[in-house]
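K.L.:
The following block contains the structure, expressed as structure tokens.
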Amino acid sequence: MTEPYIRPYRVADRADVADICVRTAAAGGDARGVYSSDLLMPDVYALPYVDHSPDLAWVVEHEGRATGYIIAAADTLAFADWWAREWTPGFVARHPAPGPATGRNPGYTEAQLLHDGADPQRMVRGLRHGELTTHPAHLHIDLLPVLQRRGLGSRLIDTLRAALAERGVPGVHLGYAAENTAARVFYDRYGFAELPSSTPQAPLLGIATTS
């Protein structure tokens, strides 16, 4: 059996990235069937990134397919501007209104998800205290359960931080679901720290790109 390995994202990985996103979107658990379309979560939290910044995306290949990824935008403000211009119109056309109820009743409702997909400035509004200067990049990282607790998450973040440092980006931040306590343990262990804008309801963590 081939050991999983990290490699740059390829366009052929796009469907796998979408699948990983939805299978880890329920505070780290499987969100398939939670919303009327399993494409909703990837259309907000994964696919815009690989379309905008494929050079800041890496996947973990395992048994012939991508089973984990890290994706990022180097400049959150510029990314939000691109999103409004290039992504929002198509997103709204694909998802004009909430679909049929699934009976799952998630705390993060489909209406909220649709709103966030059409409101890229949400990524900017949550940052104050100069964080767009100190931590202008942001990332998303997801690994299927088969790859977790194998050191791959740390290696993915190492890879991204090195690439951002080469570009002169001083820091990167992330948000996560507050109920995902396992993610918080991982981020703390890696070396992320709470940003001043962090709140219990919307935690924000950041780290410099160089140690």
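The values are calculated or read from the model by the stated rules, or taken from the named source; none is laboratory data. In this text, all values refer to a predicted model and were calculated from it rather than measured experimentally. We place every Cβ from the backbone using ideal geometry, glycine too, and count neighbours over all the protein chains shown. Surface accessibility is based on the protein's heavy atoms, side chains included, excluding ligands, DNA and RNA. Shrake-Rupley method; radii C 1.70, N 1.55, O 1.52, S 1.80 Å.
K.L.:
Looking at segment 27-44, is at least one residue at pLDDT below 95 and under 13 Å from the mean Cα position of the chain (by Cα)?
P.N.:
yes
K.L.:
Further, regarding this structure: Here is a list: ARG184, ARG125, ARG167, ARG161. Which entry is among the charged types (D, E, K, R) and open to solvent by less than 40 Å² (accessible area, probe 1.4 Å)?
P.N.:
ARG161
K.L.:
Hey, another quick one. How many residues are open to solvent by 10 Å² or more (accessible area, probe 1.4 Å), of a type in the set (Gly, Ala, Ser) and over 14 Å from PRO42 (Cα atoms) if we restrict to segment 76-92?
P.N.:
Residues flagged as open to solvent by 10 Å² or more (accessible area, probe 1.4 Å), of a type in the set (Gly, Ala, Ser) and over 14 Å from PRO42 (Cα atoms) within segment 76-92 amount to 2.
K.L.:
Would segment 120-133 turn up any residue that is closer than 16 Å to PHE79 by Cβ, within 16 Å of the chain's Cα centre (by Cα) and among the hydrophobic types (A, V, I, L, M, F, W, C)?
P.N.:
Yes, there is a match, as at least one residue in segment 120-133 is closer than 16 Å to PHE79 by Cβ, within 16 Å of the chain's Cα centre (by Cα) and among the hydrophobic types (A, V, I, L, M, F, W, C).
K.L.:
Further, regarding this structure: Taking the criterion of being within 22 Å of GLU110 (Cβ to Cβ), of a type in the set (Ser, Thr, Tyr) and open to solvent by less than 20 Å² (accessible area, probe 1.4 Å), would at least one residue in segment 56-75 satisfy it?
P.N.:
Taking every residue of segment 56-75 in turn, none turns out to be within 22 Å of GLU110 (Cβ to Cβ), of a type in the set (Ser, Thr, Tyr) and open to solvent by less than 20 Å² (accessible area, probe 1.4 Å).
K.L.:
Say we look at segment 9-24 and pick out the residues that are crowded, with 18+ Cβ neighbours inside 10 Å and not charged (D, E, K, R); which of these is nearest to the chain's Cα centre (by Cα)?
P.N.:
CYS21
K.L.:
If you scan segment 187-210, which residues turn out to be aliphatic (A, V, I, L, M), under 17 Å from the mean Cα position of the chain (by Cα) and buried (at least 19 other Cβ atoms within 10 Å of the Cβ)?
P.N.:
LEU204, LEU205, ILE207
K.L.:
Do any helices (runs of 4 or more DSSP H) lying entirely in segment 116-200 carry at least 2 residues that are at pLDDT 95 or above and of a type in the set (S, T, N, Q), and which ones are they?
P.N.:
131-134, 152-166
K.L.:
Any chance you could count how many residues in segment 89-107 are in contact (Cβ under 8 Å) with a residue 24 or more places away in the chain and part of a loop (DSSP other than H, G, I, E, B)?
P.N.:
8
K.L.:
What pairs come out if I take residues in segment 199-211 that are under 17 Å from LEU132 (Cα atoms) and among the hydroxyl-bearing types (Ser, Thr, Tyr) and pair them with residues that are assigned to a loop (DSSP other than H, G, I, E, B) and open to solvent by less than 50 Å² (accessible area, probe 1.4 Å) whose C-beta lies under 8 Å away, six or more apart or interchain?
P.N.:
If the second residue must be assigned to a loop (DSSP other than H, G, I, E, B) and open to solvent by less than 50 Å² (accessible area, probe 1.4 Å), the pairs left are THR209/VAL169.
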